[in-house]
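The structure appears right after this line, and notes come after that.
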Amino acid sequence: MTRKVKLSRVEAELSELSYPVTRNDAATELDDVTVLFADGEANLGQVVSETGSDSFESVDELESEVYGALPIEAVGEPGQSEGEG
């Protein structure tokens, strides 16, 4: 059964894993999780499988890699700037 979680709950899902964890093991464990964001969704296991590291020592390390691998529409609107200017 697929679990659906909002982007804001990704850290909670990642914290369920035992660390250190390999990329393949994490991807397998998270394959039943769908991340929902404002303009779409993504399979968390697939996102983890597309990260650059072979293993992760902590939740923070994996979370950083996951956010880097998410499509741009997941983390903000195209063209949106966080700074003033």
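The table for this structure:
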quantity	calculated
DSSP-defined antiparallel bridges as percent of all bridges, the chain, nearest 5	60 percent
³J(HN,Hα), Karplus 6.51/-1.76/1.60, whole Hz, each residue of the stretch 59-71, x for Gly, Pro	4, 4, 5, 5, 4, 4, 5, 4, 4, x, 8, 5, x
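Only the coordinates and a few stated rules stand behind these numbers; no lab work does. Fair warning: this is a prediction, and the values are worked out from it, not measured in the lab.
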